Amino acid sequence: MAVYAVGGNALSNPSLTGGAAKSAADNVMFSVLEDVVDLLEAGLRVVLTHGNGPQVGEMLLMEEALYDRRAVSNDDAPMPEGLDHWVAATQGTLGHDIATRLDNTLRRRGRHEQVATLLTRVEVSSLDPAFSQPTKPIGPVIDDLDAVPKSWSIGVTNRDTGPRRVVASPMPISIIDSDAIEALLSAGAVVLCGGGGGIPVVAEKGGIKGVEAVIDKDRVSSLLATSLKADYLFISTAVDSIMLNFGEDDESKIPQLSVENAKRHLADGQFPVGSMGPKVEAMLFAKESRPGMKVILCKPGDAIGAMRGELGTNIIS
């Protein structure tokens, strides 16, 4: 079985707009879906997860703008629902789009599997320090920093894009709907779940409640792969491998990265927070939790080549 994670930036690049953004997203999604069917044809069951950073930020912006307009004329304007609601909403909108495309790809390639999209809740701790140290970029690149509300936290997490709003990204503790995911897999479905890192909830007396956060989808994918005892974890991203000195003149690809060296490079700052850092940390968690799992980072479209060790980066013990 394989867990395959695709980033929200791949679905909607925050540095592009209009037709360029749609064209780029369509090309990436085509490669992602071909990877999924290739993995099915290699005899693997597949769970597909996805990010939502650009999309959830845009929806939150729309809600806040609507609240501001209503508040001018109405003192009783309802408060914004919050990030957990918009993570749930993007699970639905992106899940519908991805599932529809995947259904069409499966039929085109003569496959019989059904695609099941599952609204997925993920438990986090209310005491997680991430709530006071936001790092997760959401929404579009900010062109005018002077127009940013004072309540926002701003970060530059990728030198190729620019400043974006950042929010809390607590560590996932458990996937509440994991039994349902396993049941759908057992029924032969391709399962689309954990969208946007899952809907963040905390446990409290009497049940659970949603919280203001966006969980990193790679960390959730790693937890999911571990709990499902997956054979493979694929982290698909815009670069074709993990690199040292990324963006510098001496940039170099790493075809294989040991757990020991990955930890050393993390400590040295090679893999920044909000960018490659969480991906490497998620991959390390999966590899150390299940040493027999193949843990791979690659570009969409490269999954089979990465399985053979010809492309991407493999994490080794």
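Which residues, taken from segment 203-225, are buried (at least 19 other Cβ atoms within 10 Å of the Cβ) and of a type outside the set (S, T, N, Q)? If the condition is that a residue be buried (at least 19 other Cβ atoms within 10 Å of the Cβ) and of a type outside the set (S, T, N, Q), then 211, 213, 214, 215, 216, 217, 218, 219, 220, 223, 224, 225 are the ones that fit.
In segment 87-106, of all residues being over 13 Å from residue 195 (Cβ atoms) and hydrophobic (A, V, I, L, M, F, W, C), the one that is surrounded by the most Cβ atoms within 10 Å (Cβ to Cβ) corresponds to 102.
Among residues of segment 287-310 that are free of Cβ contacts under 8 Å to residues at least 12 places away in the same chain, none has a beta-carbon under 8 Å from a residue that is buried (at least 21 other Cβ atoms within 10 Å of the Cβ) and in a helix (DSSP H, G or I) at least six positions away or on a different chain. For segment 211-234, a tally of residues being farther than 18 Å from residue 296 by Cβ and over 11 Å from the mean Cα position of the chain (by Cα) returns 4.
Taken over segment 1-59, the criterion of being modelled with pLDDT of 90 or more, surrounded by fewer than 22 Cβ atoms within 10 Å (Cβ to Cβ) and in a helix (DSSP H, G or I) is satisfied by 30, 31, 34, 37, 38, 40, 41. Selection over segment 223-269 of residues that are outside any loop (DSSP other than H, G, I, E, B) and touching a residue at least 40 places away in the same chain (Cβ under 8 Å) gives a count of 18.
Test of understanding: among 202, 259, which residue is within 23 Å of residue 129 (Cβ to Cβ) and aliphatic (A, V, I, L, M)? Residue meeting the stated conditions: 202.
Number of residues in segment 273-283 that are closer than 17 Å to residue 311 by Cβ and either touching a Pro at 6+ places or on another chain (Cβ under 9 Å) or not aliphatic (A, V, I, L, M) (or both): the value is 1.
What residue, among those in segment 118-141 that are in a strand (DSSP E or B) and out of contact with any Ser or Thr (no Cβ under 9 Å at 6 or more places or on another chain), is nearest to residue 179 (Cα to Cα)? Result: 121.
Just the residues that are in contact with a Pro (Cβ under 6 Å, 6 or more places away or on another chain) and farther than 23 Å from residue 38 by Cα, please, taken from segment 221-272.
223
Residues that are touching a helix residue (DSSP H, G or I) at 6+ places or on another chain (Cβ under 6 Å) and in a helix (DSSP H, G or I): does segment 303-316 have at least one? Yes, because at least one residue in segment 303-316 is touching a helix residue (DSSP H, G or I) at 6+ places or on another chain (Cβ under 6 Å) and in a helix (DSSP H, G or I).
Can you pull out every residue in segment 154-176 that is outside any loop (DSSP other than H, G, I, E, B), at pLDDT below 80 and either under 19 Å from the mean Cα position of the chain (by Cα) or closer than 26 Å to residue 120 by Cβ (or both)?
155, 164, 165
When 214, 201 are screened for being in contact with a strand residue (DSSP E or B) (Cβ under 6 Å, 6 or more places away or on another chain), in a strand (DSSP E or B) and touching a residue at least 12 places away in the same chain (Cβ under 8 Å), only 201 passes.
Considering each of 286, 282, 306, 262 in turn, give the residue that is surrounded by 14 or more Cβ atoms within 10 Å (Cβ to Cβ), touching a Gly at 6+ places or on another chain (Cβ under 8 Å), modelled with pLDDT of 95 or more and at negative phi. From the options 286, 282, 306, 262, the qualifying one is 306.
The values are calculated or read from the model by the stated rules, or taken from the named source; none is laboratory data. Since the structure is predicted, the reported quantities are computational estimates derived from the model, not experimental observations. Note that we place each Cβ from the backbone using ideal geometry, even for glycine, and neighbour counts take in every protein chain shown.
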